[in-house]
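Rule-based calculations on the coordinates, nothing more; no lab input. All of these numbers come straight from a predicted model, not from anything done at the bench. Using ideal geometry, Cβ is built from the backbone for each residue, glycine included, and neighbour counts are taken over all protein chains shown.
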Amino acid sequence: MGLLSKKDAKLITDPLADNNPITIQVLGICSALAVTAELKPSIVMAISVMFVLAMGSTVISLIRNIIPSKIRIIVQLVIAAALVIIVDQILKAFAYELSKQLSVFVGLIITNCIIMGRFEAFALANGPWKSFLDGIGNSAGYGIILIIVGFFRELLGSGSLLGYKVLGDAIEKTGVYAYGYENNGFMLLAPMALITIGIIIWVQRSRNTSLIEHN
Amino acid sequence: MAKNLESNTYTVLFASGMVIIVGALLAFVASSLQEKITENKRIEKQQNILYALGVNENDETSVEFVSKDIVGAEFSKYITKQLVISGTEAVEDPNAYLIDIKKEATEAKNPNYKRKLPLFVGEKDGVTLYIVPVRGKGLWDAIWGYIALDDQLVVQGVYFDHQGETPGLGSNIKERFFMDDFKGEHILDGDTFKGINAAKGNADPKNLDKMDFEVDAIAGATITGTGLSAMLKKDLAMYIPYLKTLKQ
């Protein structure tokens, strides 16, 4: 990446793996469980969070020197919520169909711990450009996990991907269902999302043992 | 900066300033876009009603409304009459589709209030259908829909929508695989109103039995399904006295 210095590039690449917001920082778990029953909402959520986090981090970083620390959490919350609502209103006026698809996510974005977590941990202490990159990096790391979990939950739970029945028709018994395969309905429920994330964490830490905490 | 960022005065001033700026910004955005948003909602309502009637751009699996540009013309072409129902009586009202169902339901808690029940009469391929708007509660927020019935009170099409059901689970009430199941379902058992249940563990996943007053529920969306069944039972019931007069 010629455009970015090595340090800046690290802001984007680190959260993708070794400092992933979900598997390492354990932020944003709630929405990772809520929206990953299918692949499509996972992708929508990933893009929305990227937008809000990058914008919000930049704004917070710009005003970081005038925010009184006693009420900084409230200030962060207000900025995140205001951003989301303004975007939602504009979409409702000019891209109504898109806003219908996103409506469900609005509440989930505002309350996403990653947003508050990165505002608090990074944007308050760093310049706007760095904060912007940090926002992009962290939401990308979040998005990757969401998409992986969404992929497995939709594939094993509904036998489809993005709504396409890749494994055949479960009711007509075509494709793999003809050989006695059944969808695992449990994959559609939140507990299996947690277990899937657990497996991802396990795989990641066994491949890179320096991530394991010792106490 | 010379100011003491930790002083109480500064904190209060900052908080008030922030509230005023953000509040003004939000109010400005909301009021300047209000007109467009209302217009979009009106168009959406027309699209939803037409969808239930079977006027849409669906292919195999998608849910596609008629396009925004022609919806007004299509609406006046297919929707022949708009009625406001009271008991077995009906009065024509060319703007019945603008009646706010949510507001009517709230007002109706007052026993002296006469609730306006809109009903849309549409004609497609020579068949007259009666489209009933319904509104209820899902797991997180409101759910609503439009049910198209023929004069024998058999469902010929539905459209459901929701405010905030869980993505991938409850939100699937607006997917084809769920909505299409309602086609052909009866809501009357002889003369008794039964409604339609989104049933778990019904032994009819292909939905061949149209007289069982059941469709296959969505896995992982029990409460949304229960809310949807309750919505159908409650809101359709208000129209039954009038709809039964059509059956004779």
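Based solely on its DSSP helices, what 222 nm [θ] is calculated for chain B when runs of n ≥ 4 H residues each add -39,500 (n - 2.57) and the sum is averaged over all residues, nearest 500 deg cm²/dmol?
Computed ellipticity for chain B at 222 nm equals -12500 deg cm²/dmol.
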Centroid-to-centroid separation of segment B:196-248 and segment B:1-72 [C-alpha atoms, Å]: 33 Å
Considering all alpha-carbon pairs of segment A:127-215, what whole percent are spaced by more than 18 angstrom? 60 percent
Using the 10 angstrom Cβ neighbour count as an exposure proxy, how do B:68, B:247 rank, fewest first? B:247, B:68
At a 10 angstrom cut-off on C-beta neighbours, averaged per residue, how do the peptides B:145-153, B:39-47 rank from highest to lowest? B:145-153, B:39-47
Chain A: relative contact order as a whole-number percent, Cα under 8 Å and 6+ apart: 32 percent
P(r) of segment A:63-108 in 10 Å steps, Cα pairs, percent per bin? 26, 39, 22, 13, 0
Ranked list, fewest to most other Cβ atoms within 10 Å of each Cβ, for B:106, B:222: B:106, B:222
Taking chain A, the equivalent ellipsoid from its C-alpha gyration tensor has semi-axes in Å, biggest first, of 34, 22, 14
In Å, the Kirkwood estimate of hydrodynamic radius for segment B:22-106 over Cα pairs equals 15.2 Å
Given unit charges at Cβ for Lys, Arg (+) and Asp, Glu (-), the dipole magnitude of segment A:15-122 about its Cα centre in debye, nearest 20, is 260 debye
nm² value of the averaged projected area, convex hull over the Cα atoms of segment B:69-188: 9.2 nm²
Using a ≥ b ≥ c from the Cα gyration tensor of segment B:41-247 (square roots of the eigenvalues), is it rounded, prolate or oblate, where a/c under 1.5 gives rounded and otherwise the larger of a/b and b/c decides, a/b for prolate? rounded
Filter B:114/B:194; A:40/B:77; B:41/B:206; B:77/B:109; A:92/B:244 down to the pairs with a C-alpha to C-alpha distance above 32 Å, please. A:40/B:77; B:41/B:206; B:77/B:109; A:92/B:244
Which longest run of chain A has no exposed loop site in it, a site being GluC sites (Glu not before Pro) in a DSSP loop with at most 10 other beta carbons within 10 Å, and the site itself not part of the run? A:1-181
Just going by the charge dipole of segment B:117-219, with Lys and Arg at +1 and Asp and Glu at -1 on Cβ, which of B:163, B:143, B:117 is farthest out on the positive end? B:163
Cα radius of gyration and Dmax for the protein assembly as shown (Å): 25.7, 85
222 nm mean residue ellipticity, helices alone, for chain A (DSSP H n ≥ 4; -39,500 (n - 2.57); rounded to 500): -20500 deg cm²/dmol
